[in-house]
Amino acid sequence: MAPSGKAKEKDVVPEEPEQVDHDSGSDEEDEEIDHTLPEASTPSTSSNKKKKKRSKALKALNSLRGKDNIPQELVKVVLDKVNAEKAVPGGTDEATVRQALEQMKLKDVLQGKAGVGGKNKKDVGTHKFWGTQPVPQIGEDAPTADGYIEPSKPPEELRQDPYPLPKDFEWATLDLADEVQLRELWDLLSANYVEDDDASFRFQYSAEFLRWAMQPPGYIKEWHVAVRVASNKKLVAFVSAVPISLRVRENLLRASEVNFLCVHKKLRSKRLAPVLIKEVTRQCNLKGVFQALYTAGVLLPTPVSTCRYNHRCLNIPKLVNVRFTHVPSNMTLARMIRIHKVPDRPRLLDRDGLREMEEKDVSQVTDLYARYMKRFGMYLEFTEDEVRHQFLSGRGEGPGGKDSWKNARPGQVVWTYVVENPTTHKITDFFSFYSLPSTIIGQPKHDVLNAAYLYYYATETAFEEGAEDNGKLKRRLEDLIGDALIVADQAKFDVFNGLSLMDNVHFLQDLKFGLGDGLLNFYLFNWRTAPLAGVQSLDGVPAGKGIGVVML
Ligand SMILES: CCCCCCCCCCCCCC(=O)SCCNC(=O)CCNC(=O)[C@H](O)C(C)(C)COP(=O)(O)OP(=O)(O)OC[C@H]1O[C@@H](n2cnc3c(N)ncnc32)[C@H](O)[C@@H]1OP(=O)(O)O
């Protein structure tokens, strides 16, 4: 999901790198929606400060400990999270504090706006909608065994009619094969999708990207759920799901991946999102799917893991100009540019046989991906068709060939490179990244931030004995992802983003990624499992190693 963290709340302001129903169970009429929804109209469309804010928040949090009128379990959850963050070397916990406070609604308590039991009584930390859903609730003990929360229902017990909408609105299924409908979705998301906390950047998925992300092999049209204004058919809300085979520890789940939840800015805070979520759940259930995976920058009940965004700055002058980053006080702009300069030519190109992935590599890449991903607690299983889709189909039209790394193709969404052993012709490694620009809001000089996001990669080196412990895997990944940075730089990306998942923690720091202030929470719907290692290590599983899924 998504920008905001998914920088989806897209977290887009990094710290500088050092130097260099159960639908309320109810099939009843939804008591959720605010029926005063208005007619939709066209949308109108730091570090000391941070430290101070953080210590103020921490102080305030600590002062809440032991207070009878504050739910202590919430205070504990937030403090635990903050303390766990502190254990991460170089981790910024300001983002965690802010997120936790804002999203668990404790901030209002801290600001005295919502004293518990007072006149402005607020449901501190309660979730009117999520409290009714088959998800682990806040404060529940970690499960001792994995399994569903609610059993799957037979078809005859499923609700057959869509959930009711306020009278001025109607449901629609978007057909993304249709250019007009695809454009409508692009318009909605471009103006209303995820922004960072300061409303400086907003995800701007391309139309090609949306099609690529929502039409994988076996996609289901009915899972592209839209809400239109009844009178003029204007598209005002959307949510999507795609089918996935999700491995969570020892279980393989036939599940859906939910993404692109969006409500037009003029219709916010009117409880439309819960109706969309219930409707997409119903559509999934009708196809026999009862589990889902989703991510969000916001904190909801209850993440199975939390990862952090990291940013490798490439185009320093632009990133400084648009305030994505700043020149630290102990550095000049010229020095910062020098430190972040990457070579002109991928190193593995001449040395090891790096080249763009081709159709003939699909079977080998599928096999390498499958073996590599087994090393993580949660990952997607891909068929050859899915590998073809994920790594080849989004690459656009245009010549490949030896120098293809120098130029992006028109409409290119994904870049995938393989390393082929020149003697055995075996594919020993691959890496991929995708393009997800953000609109730069209110900046006169630049209007788009060209961001690349690290996608999947794998290397045979991981299977060599001792490679994880003796640094060999780390070195190989630095070579591979180092070359990904070079390809991205040549393709004119301004920044290369990566999360603290998979094996990324091995190379993020040495490849000069800086910590972002965005977090991305991973959630499972109707499935219990113990927390998976993400931004922090858990039960001896190193940070990152729990999560092997990259969400778009
Ligand atoms: C088996 C199959 C199951 C399939 C379904 C699996 C679940 C999928 C779940 C969806 C995965 C999506 C993955 C992505 O796409 S994450 C990206 C989400 N999109 C954005 O951030 C875009 C910009 N924001 C918006 O468009 C709106 O603010 C949204 C639509 C997010 C909320 O609209 P609005 O601001 O007008 O609020 P409301 O009054 O209608 O509703 C308030 C309720 O909604 C809960 N809320 C707020 N944000 C999110 C969020 N990101 N995920 C889940 N729930 C969220 C909130 O806690 C509250 O519930 P509760 O706290 O009172 O209980």
What spacing in nm lies between the two simple spin-label points modelled at R345 and E384, each 7 Å away from Cα in the Cβ direction?
-> 3.5 nm
³J(HN,Hα) computed for each position of region 366-377 - Karplus, 6.51 cos²θ - 1.76 cosθ + 1.60, integer Hz, glycine/proline x | 4, 5, 5, 4, 4, 5, 5, 6, 4, 6, 10, x
Using eta = 1.567 mPa s and T = 4 °C, Stokes-Einstein with Kirkwood Rh from Cα pairs puts D for region 298-347, in µm² s⁻¹, at 95 µm²/s
In the structure shown, do any of K318/K512; K266/K445; K374/K472; K472/K492; K360/K474; K128/K287 have a Cα-Cα gap over 25 Å, and if so which?
-> K266/K445; K472/K492; K360/K474; K128/K287
Quick one: putting +1 on the C-beta of Lys and Arg, -1 on the C-beta of Asp and Glu, what dipole do you get for region 133-296 around its Cα centre, in Debye to the nearest 20?
-> 440 debye
What number, in percent, do you get for the relative contact order of region 142-218 if the mean sequence gap of Cα pairs under 8 Å and at least 6 apart is divided by its residue count?
-> 20 percent
Neighbour-count ranking [beta-carbon atoms within 10 angstrom, fewest first] of V304, V180 | V180, V304
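Quick check on region 241-393: take the gyration tensor over C-alpha atoms, sort the square-rooted eigenvalues as a ≥ b ≥ c, and tell me if it's rounded (a/c under 1.5), prolate or oblate. Each step should come with its number before you reach the end.
On the way: a/c = 2.45, a/b = 1.25, b/c = 1.96.
Here region 241-393 falls in the oblate category.
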Over region 133-296: Kirkwood hydrodynamic radius from C-alpha pairwise inverse distances, Å | 17.2 Å
Taking placed amide H atoms and a strict 5 Å upper bound, the residues 5 or more places from L261 or on another chain that come that close are S240
Gyration tensor on Cα atoms of region 198-240, a ≥ b ≥ c root eigenvalues, a/c under 1.5 rounded, else prolate if a/b beats b/c, else oblate, says oblate
Region 395-538: D in µm²/s via Stokes-Einstein (Kirkwood Rh, Cα pairs, 25 °C, 0.890 mPa s)?
-> 141 µm²/s
Burial order of peptide ranges 386-398, 331-343, 440-452 (average beta-carbon count within 10 Å, highest first) | 386-398, 440-452, 331-343
List the equivalent ellipsoid semi-axes of region 467-552 in whole Å, largest first, each obtained as the square root of 5λ for an eigenvalue λ of the Cα gyration tensor.
-> 25, 18, 11
Yeah, region 218-293 with a ≥ b ≥ c from its alpha-carbon gyration tensor (a/c under 1.5 is rounded, else prolate when a/b outruns b/c, oblate otherwise) is prolate
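Where a number appears in this text, it was derived from the coordinates with a stated rule and is not lab data. Everything quoted here is computed from the prediction, not taken from an experiment. Using ideal geometry, Cβ is built from the backbone for each residue, glycine included, and neighbour counts are taken over all protein chains shown.
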